[in-house]
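Taken together, the values in this text are just the output of simple stated rules run on the coordinates, not laboratory data. On a predicted model such as this, the values are computed, not experimentally measured, just so you know. Note: ideal-geometry Cβ built from the backbone for every residue, glycine included; neighbour counts use all protein chains shown.
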Amino acid sequence: MNEISFGKAKLSDSLRISVLLKTVYIQTYAVDGVTFEFSNFITKRFSPELIEKTIKENPSRLIIAYQNGNPIGVAEIIYDSNCPIRKISVPELSKLYVLERFYGKGIGYGLMNEAEKEVRENGFTEFNLEVYINNKRAIAFYERQGYKSIGNVDFPMESNTYENLVMNKELN
């Protein structure tokens, strides 16, 4: 049985979440292969220790999609984020990562719904996200969920910068 469920991240899942994040990041962004820049970035940013710390500090920050108890997708909410375009405090969907083999099965939609519900329950009325300007699939997905482009920002990684689209949604 392929039962899908959604829930808050558990400390015991830190290693598996780390591997999932690294896998999706490479599949999505390593258009020139696994560069040293990407290797350094994902090793630091997606370490099991950093994920454990995040879960301990705010268990509501990471929402996990599970199939048969195994992580297949992750949404991360940053509550103390500032909109880089409007310069106001707005929660940010920092990550919405789904393993490629689970695309088209409603996992991203389910994670998005859970994240938006969590943000609303914490008293917020809007939600921001940033997405790489060349990630057309993700941009189309976010647009289908009601997100609108409000500007562009640079995402620095070592000696390179990558252009991101900032998107916003008013939550009902």
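Need the full-extension length gain, residue 4 to residue 23, defined as separation in residues times 0.36 nm minus the C-alpha distance. One decimal, nm.
Extra length from residue 4 to residue 23 when fully extended: 4.9 nm.
Could you list the residues of segment 130-172 with an amide nitrogen less than 14 Å from a label point located 7 Å from the Cα of residue 113 in the Cα-to-C-beta direction?
145
Go through segment 86-137 and name the chymotrypsin sites (Phe, Trp or Tyr not before Pro) that are in a DSSP coil and have 14 or fewer other Cβ atoms within 10 Å of their Cβ.
103
Which shape class, rounded, prolate or oblate, goes with segment 17-110 when its Cα gyration tensor gives a ≥ b ≥ c as root eigenvalues, a/c under 1.5 marks rounded, and past that a/b bigger than b/c marks prolate?
Here segment 17-110 falls in the rounded category.
Which helices, counted as full DSSP H runs in the chain, have an axial Cα extent of no less than 18 Å and a Kyte-Doolittle average of -0.5 or above?
Those that pass (Cα extent of 18 Å or more, hydropathy at least -0.5) are 14-29.
In a GNM of the chain with a 10 Å cut-off on Cα contacts, which of 33, 110, 151 has the highest mean-square fluctuation?
Between 33, 110, 151, it is 33 that shows the largest mean-square fluctuation.
Please go through segment 103-172 and write out the GluC sites (Glu not before Pro) that DSSP classes as loop and that have at most 16 other C-beta atoms within 10 Å.
Working: sites: 114, 116, 118, 121, 126, 130, 143, 158, 163, 170; in loops: 158.
Within segment 103-172, the qualifying GluC sites (Glu not before Pro) (loop, at most 16 other Cβ atoms within 10 Å) are 158.
For the modelled label position 7 Å from the Cα of residue 43 along Cα-to-Cβ, which residues of segment 147-172 have backbone nitrogen atoms closer than 18 Å?
157-160
Want the number for residue 15 to residue 31: 0.36 nm per residue separation, take away the alpha-carbon distance, what's left?
Result for the pair: 3.3 nm of gain on full extension.
Tell me the mean residue ellipticity at 222 nm calculated for the chain from its helices only (DSSP H runs of n ≥ 4, each -39500 (n - 2.57), averaged over every residue, nearest 500).
Taking each H run of at least 4 residues, the total per residue is -11000 deg cm²/dmol.
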